[in-house]
1. Taking the criterion of being part of a loop (DSSP other than H, G, I, E, B) and either among the small types (Gly, Ala, Ser) or surrounded by fewer than 17 Cβ atoms within 10 Å (Cβ to Cβ) (or both), would at least one residue in segment 94-102 satisfy it?
2. Among the numbered criteria (1) among the β-branched types (Val, Ile, Thr); (2) open to solvent by 10 Å² or more (accessible area, probe 1.4 Å); (3) assigned to a strand (DSSP E or B); (4) under 20 Å from ARG16 (Cα atoms), which single criterion is violated by VAL159?
3. Tell me which residues, restricted to segment 78-103, are more than 18 Å from SER17 (Cβ to Cβ) and at pLDDT below 90.
4. When segment 1-58 is examined, which residues are found to be under 27 Å from GLN92 (Cβ atoms), in contact with a helix residue (DSSP H, G or I) (Cβ under 8 Å, 6 or more places away or on another chain) and polar (S, T, N, Q)?
5. Considering each of VAL173, VAL181, VAL134 in turn, give the residue that is open to solvent by less than 30 Å² (accessible area, probe 1.4 Å), part of a loop (DSSP other than H, G, I, E, B) and of a type in the set (A, V, I, L, M, F, W, C).
6. Kindly provide the set of residues from segment 59-71 that are open to solvent by 30 Å² or more (accessible area, probe 1.4 Å) and either under 20 Å from the mean Cα position of the chain (by Cα) or among the aromatic types (Phe, Trp, Tyr) (or both), ordered by number.
7. Output the number of the condition that ALA75 fails; it satisfies all remaining conditions of (1) within 13 Å of the chain's Cα centre (by Cα); (2) open to solvent by 30 Å² or more (accessible area, probe 1.4 Å); (3) farther than 21 Å from THR130 by Cα.
Amino acid sequence: MVLISTFRVPIQIHTRSANAKWLDEIAHTNPLWIHPRDVRGMGVRTGDLVRVETEIGHFVVRAWVTEGIRPGVVACSHHMGRWKVADHGQNQAMATVDLGRDGDGWSLRRRKGGGPYESADADTSRIWWTDVGVHQNLTFPVHPDPISGSHCWHQAVRVSAARPGDAYGDISVDAGLSGRVFRKWLRYTRPAGTVSPDGTRRPYWLLRPVRPTREAYRLPADDPAAG
């Protein structure tokens, strides 16, 4: 299936709005939208766990079975899934996880979801939700677009019912394979120096919240991206 990983809910702004308590109360989970036709034979209903396998790993998330998405396509909002390895402070939009490593393999397993906590804001003690979503981006290798060089976010995935032992929020990634996938796609991509009109990475006039120095935009002669 095609996973629309750039799918967005209208309430959040990436995870940049994760400190907005009222927005978090409205939207704090990111189930996988999937058409009823695509769950036939899976034995999956809304709320059930599904495993989404990417080119380099997988993540486990809940299903949202709906006719609001076309068959053959699934979508998962990328606004959710912040995590931390130590249980401290901010719990309204961050899960506490165990981070594991075995060679190139990395894994996340959720230890604790969100919840109330004490702070200078009395509202943090009133948090009633525990779900904070799943950080799917970790399972996506970088695919440089052959024409523009920018990251291609759309991913081809396999979706199935969760396997025995799978838990909500589980993430597994092969970092070595991720690097190999990136280098493979990089070979299909035109070097920036062959298409840049003035030897820069991007237009200096493009508005940015914090603009680097002009020299930071220039492609060094020995940069592989310069062609």
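The values are calculated or read from the model by the stated rules, or taken from the named source; none is laboratory data. Everything quoted here is computed from the prediction, not taken from an experiment. Please note: Cβ atoms are built from the backbone with ideal geometry, for glycine as well, and neighbour counts cover all protein chains shown. The protein model used for the area step is the full one, side chains on, heavy atoms only, and it has no ligands, DNA or RNA in it. Shrake-Rupley method; radii C 1.70, N 1.55, O 1.52, S 1.80 Å.
1. There is no residue in segment 94-102 that is part of a loop (DSSP other than H, G, I, E, B) and either among the small types (Gly, Ala, Ser) or surrounded by fewer than 17 Cβ atoms within 10 Å (Cβ to Cβ) (or both).
2. Of (1) among the β-branched types (Val, Ile, Thr); (2) open to solvent by 10 Å² or more (accessible area, probe 1.4 Å); (3) assigned to a strand (DSSP E or B); (4) under 20 Å from ARG16 (Cα atoms), only one is false for VAL159: (4).
3. ALA86, ASP87, HIS88 - these are the residues of segment 78-103 that are more than 18 Å from SER17 (Cβ to Cβ) and at pLDDT below 90.
4. SER5, GLN12, SER17, ASN30
5. Criteria check complete, one pass: VAL134.
6. ARG62, TRP64
7. Evaluating ALA75 over (1) within 13 Å of the chain's Cα centre (by Cα); (2) open to solvent by 30 Å² or more (accessible area, probe 1.4 Å); (3) farther than 21 Å from THR130 by Cα leaves (2) as the failure.
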